[in-house]
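These notes are about the structure you will find just below.
The values are calculated or read from the model by the stated rules, or taken from the named source; none is laboratory data. Just so it is clear, the structure is predicted and the values come from calculations on it, not from any experiment. Don't worry about glycine lacking a Cβ; one is built from the backbone with ideal geometry, like all the others, and counts go over all protein chains shown.
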Amino acid sequence: MAIASIASIVFRTVVREKRATPILLRDGRVLVGGSNPHAFYNFTGVLFPTELSLEAFSPAYLEPEFAKLRPKIKSPKSQSTITYGMNLKVKFEVAGKVKGPVKVTMVFPSFTSHSFSMNQRLLVLDNVRVERTSSVFGALFGKSRNYEVQVRTPRSAIIAPPGYYMMFVVNQNIPSEGIWVRLQ
């Protein structure tokens, strides 16, 4: 299955220049707002006026045709606290196939200015193992949609500063909706 690259997708309805602000949302969309290539606010009489609107970019992996591949995190629950260097069991559900390596990622939220997200980081956690777990659905129909992946959290604050992260489970390059976890 091929998913289009961001370079091949036209998603903007307005020009976003200097001082535009992008932010990753929990559902996988990217919210982009603003633009001002001028020293002051200029709303008229210029080729690229100051822009105050917002747009949400929906990547191809959010298309309905990929919905069955999209994991849904069951645990840990959002707002859970995790610690450095721990073995963490992440439980998730997938309606379709789980194929290839399943990844668990953590995204540290950024602060953004001038179209540049500073301090944002993506951590791909060490994957220890993935296994299918039993469920009522599995008992009735012979196949479970529930899985558990065991990962190792970052070892130190040098790699991952303490704070809140969005955690995602990624199956076949399709991310789950993110949950917020606190790393300390």
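Just one of (1) at pLDDT 95 or above; (2) within 17 Å of the chain's Cα centre (by Cα) trips up residue 65, so point out which.
Looking at each condition in turn, residue 65 falls short on (2).
How about segment 147-184: which of its residues are in a strand (DSSP E or B), within 24 Å of residue 134 (Cα to Cα) and out of contact with any Phe, Trp or Tyr (no Cβ under 6 Å at 6 or more places or on another chain)?
Listed by number, the residues that qualify are 148, 149, 150, 151, 152, 167, 168, 170, 171, 179.
Residues that are of a type in the set (S, T, N, Q), closer than 26 Å to residue 95 by Cα and modelled with pLDDT of 95 or more: does segment 138-148 have at least one?
yes
Going through segment 97-116 one residue at a time, which ones are assigned to a strand (DSSP E or B), buried (at least 16 other Cβ atoms within 10 Å of the Cβ) and at pLDDT below 90?
Passing the criteria: only 112.
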